[in-house]
Every structure is written in structure tokens, then in C-alpha cells.
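A.B. asks: Structure provided below as C-alpha cells; questions to follow.
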Amino acid sequence: DVKVTQSSRYLVKRTGEKVFLECVQDMDHENMFWYRQDPGLGLRLIYFSYDVKMKEKGDIPEGYSVSREKKERFSLILESASTNQTSMYLCASSTPGTGNTEAFFGQGTRLTVV
Amino acid sequence: AQTVTQSQPEMSVQEAETVTLSCTYDTSESNYYLFWYKQPPSRQMILVIRQEAYKQQNATENRFSVNFQKAAKSFSLKISDSQLGDTAMYFCAFHLRNRDDKIIFGKGTRLHILP
């Protein structure tokens with residue numbers, strides 16, 4: 001089974017803190033994604049990566065950065081956490097090129113910034 | 001740019017009934033895939049069904065089937081004989097074929113199956 005693992009299920013951080021959300025996949029997928037899920041807004045893409053050290057901005061990259069030093073790991077970084085970044089964060093991975101392969105998701109991280 | 005629209009934020013049906021979730025999308029491309037994902041209250045998102053745009057035949061997976069109308073850019077999900085375990089958020093998604101591109105999701109439909 002494909003497994004996408006996010007490092008934390010629940011996280012509480014203070015305003016201004018630097019926050020790291022980690023995601024690891026074990027299926028050698030080239031593509032990895034970070035989405036933010038908010039009620040009524042669905043899944044909004046923050047960043048995605050097609051290869052090691054490569055990254056592309058999604059629809060809402062402001063206030064976030066990412067790192068992909070190894071193929072299996074994709075980290076989302078909140079440089080200075082703010083209360084409007086309180087949300088559910090979902091990591092996903094897939095294989096590229098055909099569009100036929102599904103995305104596999106982690107269990108999500110519920111981040112609360114206080 | 002591609003967009004995906006789910007016009008039903010929330011729905012409720014009785015167990016064993018049939019329910020249809022709507023999805024429309026907009027694209028100028030001709031080769032793409034469409035997906036329905038399910039997110040149960042436990043939050044792990046999983047694939048329900050996929051449809052290849054170049055195939056005319058509608059995809060079916062057990063109790064789940066789609067009505068794919070390419071000209072109308074419509075992709076609805078039908079759940080037959082609904083079960084309590086079908087209670088979840090359902091997301092429609094779009095992915096271009098043969099392109100390293102992002103997956104576009106709709107805003108989701110929250111489906112409640114009532115006992």
C-alpha cells in the first residue's frame with residue numbers, strides 16, 4: 001500500500017513561530033503537493049514539487065515556503081505563523097505524466113496558531 | 001486555467017437511497033482525467049472513481065458510477081444503495097493528461113447518510 005505520512009496530526013503553535021510540517025511518501029512518487037483545507041473553500045494548493053529541489057507555487061503560496069531535499073520528503077514551512085494560517089494541511093503524492101494516477105493523501109495536520 | 005465547481009455544499013439522504021453529486025468543470029484542453037475523492041470524518045482522503053476524458057463509457061466501481069458529459073463539461077457521481085459508511089466529504093478533481101500539472105479540486109460536497 002502507498003503510504004503518505006504527515007509528521008503530526010494536531011499541532012498548536014504561537015503567533016510568530018517558525019513551523020515545519022513534514023510529509024514522507026514511500027512509493028517513489030515524483031510529484032508531491034501541499035494543500036490547505038478550509039470549510040467552504042475546499043482544497044487550495046499551496047506548493048507542489050515535481051522533483052528533488054524543484055518547487056512551484058500554487059494558488060496561495062504567501063506566507064509559506066517548501067523544501068524537498070530528498071525525493072520521499074516534502075516539507076512545508078510557515079516562516080512566521082499567523083492566526084489566519086490556522087487550518088487543516090494535507091500532503092499528497094502522485095506519479096507524473098499521464099494524469100491517470102490518483103493522488104495519495106496523508107492523514108492531515110490540524111494546525112492551530114494562537 | 002482549469003476550474004472545478006461543486007454546486008451542492010451539503011446533502012442528506014436516507015440509507016439505501018440513491019444520491020447524485022454534481023460537478024462541472026471548465027477547460028480548453030481535450031486530454032484530461034477526472035476523479036472523485038472521498039474524505040470520511042477520519043480525514044484520510046481516498047479515491048472513489050476516475051474517468052478518462054477520451055473514453056465515452058462511464059466509469060463504474062461497485063455502487064459508485066459517474067455520468068460523464070464531455071460536451072457539457074459535467075461529471076456527476078451516483079451512489080446507489082447508499083450506506084452509513086458513505087458519509088463523508090466528496091471532492092471532484094481534474095488533472096491534465098501527459099502534463100506535469102497540479103490537480104484542481106472543487107470545494108466539496110458534505111454528504112450525510114441518515115439511518
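The values are calculated or read from the model by the stated rules, or taken from the named source; none is laboratory data. These figures come from a predicted structure and were not determined experimentally. All Cβ positions, even for glycine, are placed from backbone atoms using ideal geometry, and neighbour counts span all protein chains on display. Quick note on the areas: whole protein, heavy atoms, side chains included, nothing else; ligands and nucleic acids left out. Shrake-Rupley method; radii C 1.70, N 1.55, O 1.52, S 1.80 Å.
A.B. asks: Return yes when A:I60 is β-branched (V, I, T), away from every other protein chain (no Cβ under 11 Å) and closer than 18 Å to B:G106 by Cβ and no when it is not.
C.D. replies: yes
A.B. asks: Before we move on, is B:T87 open to solvent by 30 Å² or more (accessible area, probe 1.4 Å), among the hydroxyl-bearing types (S, T, Y) and touching a strand residue (DSSP E or B) at 6+ places or on another chain (Cβ under 7 Å)?
C.D. replies: It is true that B:T87 is open to solvent by 30 Å² or more (accessible area, probe 1.4 Å), among the hydroxyl-bearing types (S, T, Y) and touching a strand residue (DSSP E or B) at 6+ places or on another chain (Cβ under 7 Å).
A.B. asks: Same structure again: Confirm whether A:S65 is of a type in the set (G, A, S), buried (at least 18 other Cβ atoms within 10 Å of the Cβ) and more than 9 Å from every other protein chain (Cβ to nearest Cβ).
C.D. replies: When the stated conditions are applied, A:S65 does not pass them.
A.B. asks: Scan the range A:10-23 and give yes if some residue there is open to solvent by 60 Å² or more (accessible area, probe 1.4 Å) and hydroxyl-bearing (S, T, Y), otherwise no.
C.D. replies: Among the residues of the range A:10-23, at least one is open to solvent by 60 Å² or more (accessible area, probe 1.4 Å) and hydroxyl-bearing (S, T, Y), which makes the answer yes.
A.B. asks: Return yes when A:E30 is at the interface with chain B (Cβ under 9 Å from one of its Cβ atoms), touching a residue at least 12 places away in the same chain (Cβ under 8 Å), farther than 28 Å from B:P9 by Cα and open to solvent by 10 Å² or more (accessible area, probe 1.4 Å) and no when it is not.
C.D. replies: Yes, satisfied.
A.B. asks: Looking only at the range B:22-45, filter to residues that are hydroxyl-bearing (S, T, Y) and part of a strand (DSSP E or B); which one of those is surrounded by the most Cβ atoms within 10 Å (Cβ to Cβ)?
C.D. replies: B:Y37
A.B. asks: Can I ask one more? Within the bounds of the range A:34-41, is there any residue that is among the aromatic types (F, W, Y), within 14 Å of chain B (Cβ to nearest Cβ) and either out of contact with any Ser or Thr (no Cβ under 6 Å at 6 or more places or on another chain) or loosely packed, with under 15 Cβ neighbours inside 10 Å (or both)?
C.D. replies: yes
Yes/no per residue for (1) facing chain A (nearest Cβ under 10 Å); (2) part of a strand (DSSP E or B):
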position: B:Q8; (1), (2): no, no
position: B:T20; (1), (2): no, yes
position: B:K55; (1), (2): no, no
position: B:V66; (1), (2): no, yes
position: B:A71; (1), (2): no, no
position: B:K107; (1), (2): yes, no
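A.B. asks: Among the numbered criteria (1) within 12 Å of chain A (Cβ to nearest Cβ); (2) open to solvent by less than 60 Å² (accessible area, probe 1.4 Å); (3) under 12 Å from the mean Cα position of the chain (by Cα); (4) touching a residue at least 60 places away in the same chain (Cβ under 8 Å), which single criterion is violated by B:V48?
C.D. replies: Against the list (1) within 12 Å of chain A (Cβ to nearest Cβ); (2) open to solvent by less than 60 Å² (accessible area, probe 1.4 Å); (3) under 12 Å from the mean Cα position of the chain (by Cα); (4) touching a residue at least 60 places away in the same chain (Cβ under 8 Å), B:V48 comes up short only on (4).
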